[in-house]
Amino acid sequence: MAIEDQWGSRIHYENEKSALGGFPPITRYHATDCAGLKSEFSTTNGWDIARQIKLTKRLCEILDDARPIGLVVGGRIADMKKYLGNLPDCPKESLYDLCFRMSLLFIVATMRDNFKDAVAEVTIDQSKKFGQVARNGFAVMKADEDVPYLKDCFTELHVRDSKTCLRLQAADFMAYEAMRQLEVLRQGKDTVRKSMGAIIGTDIPLQIAQFNDQNFADFTRMVENKKAGRPTGEGIASGLGLPITSGHRLAHLP
């Protein structure tokens, strides 16, 4: 895989550079730590803003060479808690579950539009807290008779350690940049962050979806419909808040 080969080479280069300066190596690329110069990317470990920017630029180039399709789904825990705070595993686990399942649906739609006869494996980062949530969600959706084409699109789900699974590190990078871009949009701005612009500036398709207040209100309505024996989707009309980034243009779709 092109991304993994080049990504691994860059991490190896950074660790050789750290070794020459007498600093410890990084075990993996972690977007939040790198951006914040913390943990393995701290200044005491030989990192600074200039080095962080240089690495980020190189990772953007690697993504550009591979031309992946990016699909990111997120939401704010505080927003979900307002409506679904009474759920026993709310808010983090439930929000993770919703985002994971919606991501699978987006992947299916993308495959049907661009790779009609393809099948895919799903890889997730190992996590004691969220790993089982993802496994359960994957099994439920594979068995869902209302969405039969899911069975044809996905083969199996793999749980991997992001320290050794480089594709997960690349996914972490794209997800981090997408979530940062959503923060900009929530502030009422339509500007594109430099690193985001570097990722999508060469026509890498990237869709970023976020659950909004109306979505969470509708989820509450769906739970109430089910309890009352009504059709689950009765009275539900909202879609995801879906800003799609393409090139240097940001368009808001209903």
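Would you mind counting up the charge near R160? Only other residues with Cβ under 14 Å from its Cβ, with Lys and Arg at +1 and Asp and Glu at -1.
Summing Lys/Arg as +1 and Asp/Glu as -1 gives -2.
Given H placed on each backbone N at 1.01 Å, which residues far from T123 in sequence or on other chains put an amide H within less than 5 Å of it?
HN-HN under 5 Å from T123: H158.
In Å, the Kirkwood hydrodynamic radius of region 2-63 over pairs of distinct alpha carbons?
It is 11.7 Å.
I'd like the FRET efficiency for A120 and D48, computed as 1/(1 + (r/R0)^6) with the beta carbon distance as r and R0 of 35 Å, rounded to 0.05.
0.35
Just report the Cα centroid separation between region 55-75 and region 109-142, whole Å.
19 Å
Search the structure for amide H atoms under 5 Å from the amide H of F154, placed 1.01 Å from N in the peptide plane, and list their residues when 5 or more places away or on another chain.
A120
Show the residues, 5+ positions off or on another chain, whose built amide H is closer than 5 Å to the amide H of Q207.
Residues meeting the criterion, in which the H sits 1.01 Å from N, are G70, L71, V72.
Quick note: the coordinates plus some simple rules give every number you see, no bench work behind them. What you are looking at is a predicted structure, and each value in this text was computed from that prediction instead of being measured. Virtual Cβ from ideal backbone geometry, glycine too; neighbours counted across all protein chains shown.
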